[in-house]
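Visitor: One structure, as structure tokens, below. Some questions next.
Derivation of every value follows stated rules applied to the coordinates shown; laboratory data play no part. For clarity, every value in this text was computed on a predicted model and none was experimentally measured. Methodologically, a virtual Cβ is constructed for each residue, glycine included, from the backbone with ideal geometry; neighbour enumeration extends over all protein chains shown.
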Amino acid sequence: MKKIVILTGAGISAESGLGTFRAEGGLWAEHRIEDVATPEGFARDPQLVVDFYNARRAQAAEAAPNAAHLALAKLEAGFDGDVVLVTQNVDDLHEKAGMKRVMHMHGALNGALCGACDHRWPAPMVMAPGDACPHCKAPAARPDIVWFGEMPYDMEEIYDQLAQADLFAGIGTSGNVYPAAGFVAEARRHGAQTLEFNLEPSAVGSQFDDIRIGPATQTVPEWVAEVLGG
Ligand code: APR
């Protein structure tokens, strides 16, 4: 097996204390997507939106990577083929765990984006509406988060990697949001084996060859030890 492509979702960060979206009391139970995760919401009330991401950035800054994040970093370092990590998460726990290659398809809390010139730069801990872009100076700074209705990052590279995958693993994602939820079908189409890690089958669970039920901090390290022959 030479190439493993991994997609992670909020479930891998749950045991680090970061909330998921669709569980009881999840982020989308407390905030309306249209208010805090759409360009229209940002245009309507930029203060509400930057406050939402400032709070999540502060929480993520305090969070530590868990055994699942650490196991994936170990896999990347020790696997004798290629490990490609795509995450829907905007926290930096994969990086904190030592992962070298992380594609944040939905953006990152630690990033800022200029709404005028698309320049991207490291976000301040506390962003304010109208912060100036360091490149074009327009008062157009926004969180570098891909909102609903916007094009995710790295899609061409991601599909290229899925086409070459020998194994595709989906970890801690509910399979509700496309295009990420379609990655398992894309990988299968190219002949990859597919493996899901979740507390319960996701919305696309039936498309996986196998599923490992349980907390990611248990199932992912076990799997990595198997792959590395440890
Ligand atoms: N171990 C493994 N899986 C877990 C754990 C855990 N400890 N805790 C929760 N999960 C699983 C849940 O069963 C669920 O299937 O993680 C998944 C989390 O699902 P969501 O909250 O829908 O998060 P996610 O799939 O990442 O959402 C995708 O939706 O709102 C957008 O942009 C946002 O990136 C996000 C996208």
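Visitor: Using Cα springs under 10 Å in a Gaussian network model of the chain, which residue among MET105, MET127, MET151 shows the largest mean-square fluctuation?
Guide: Its mean-square fluctuation being the largest, the pick is MET151.
Visitor: Return one number: the angle in degrees, 0 to 90 and rounded to the nearest 10, between the long axis of the Cα atoms of helix 155-164 and the longest principal axis of the Cα atoms of the chain.
Guide: The angle comes out near 0 degrees.
Visitor: With labels modelled as points extended 7 Å from the Cα through the Cβ direction, what inter-label distance (nm, one decimal) is found for VAL126 paired with GLU15?
Guide: 3.5 nm
Visitor: If you count the DSSP beta bridges with both ends in the chain, what percent of them are antiparallel, to the nearest 5?
Guide: Antiparallel: roughly 25 percent of the beta bridges in the chain.
Visitor: Can you give the local net charge around LYS2? Use residues other than it whose beta-carbon is closer than 13 angstrom to its beta-carbon, Lys and Arg +1, Asp and Glu -1.
Guide: Within the 13 Å Cβ shell, the charges total -2.
Visitor: Report the residue, chosen from SER174, SER13, SER206, that carries the largest GNM mean-square fluctuation when the chain is represented by alpha-carbon nodes joined by springs under 10 Å.
Guide: Looking only at SER174, SER13, SER206, the biggest GNM fluctuation is shown by SER206.
Visitor: While we're here: Restricting everything to alpha-carbon atoms, can you work out Rg to Rh for the range 46-181 with a Kirkwood hydrodynamic radius?
Guide: Here the Rg-to-Rh quotient is 0.99.
Visitor: Along the Cα-to-C-beta direction of TRP28, a point sits 7 Å from the Cα; which residues of the range 135-162 have their amide N less than 19 Å from that point?
Guide: 145-153
Visitor: What net charge do the residues around GLN218 carry, taking every other residue with its C-beta under 10 Å from that of GLN218, with Lys and Arg at +1 and Asp and Glu at -1?
Guide: -1
Visitor: If you don't mind, another one. With +1 on the Cβ of every Lys and Arg and -1 on the Cβ of every Asp and Glu, and nothing else charged, how large is the dipole of the chain about its Cα centre, in debye rounded to the nearest 20?
Guide: Dipole magnitude for the chain comes out near 260 debye.
Visitor: Something else now. Along the range 8-14, what does the Karplus equation 6.51 cos²θ - 1.76 cosθ + 1.60 (θ = phi - 60°) give for ³J(HN,Hα), rounded to whole Hz, x for Gly and Pro?
Guide: 10, x, 3, x, 6, 9, 4
Visitor: Starting from 0.36 nm per residue, how many nanometres of slack lie between ALA185 and PHE79 once their C-alpha separation is accounted for?
Guide: The span from ALA185 to PHE79 would gain 35.7 nm if fully extended.
Visitor: Follow-up question, since we're still on this one. For the charge dipole of the chain, defined by +1 on Lys and Arg C-beta atoms and -1 on Asp and Glu C-beta atoms about the Cα centroid, which residue among ILE158, GLY98, THR219 has the Cα displaced farthest towards the positive pole?
Guide: Toward the positive end, the furthest listed residue is GLY98.
Visitor: Enter the angle in degrees (range 0 to 90, nearest 10) between the Cα long axis of helix 216-227 and the first principal axis of the Cα atoms of the chain, meaning the one along which they spread out most.
Guide: It is inclined by approximately 50 degrees.
Visitor: With each label point set 7 Å from Cα along the Cα-Cβ vector, what nm distance links LYS2 and LEU199?
Guide: Label-label distance for LYS2 and LEU199, simple model: 4.0 nm.
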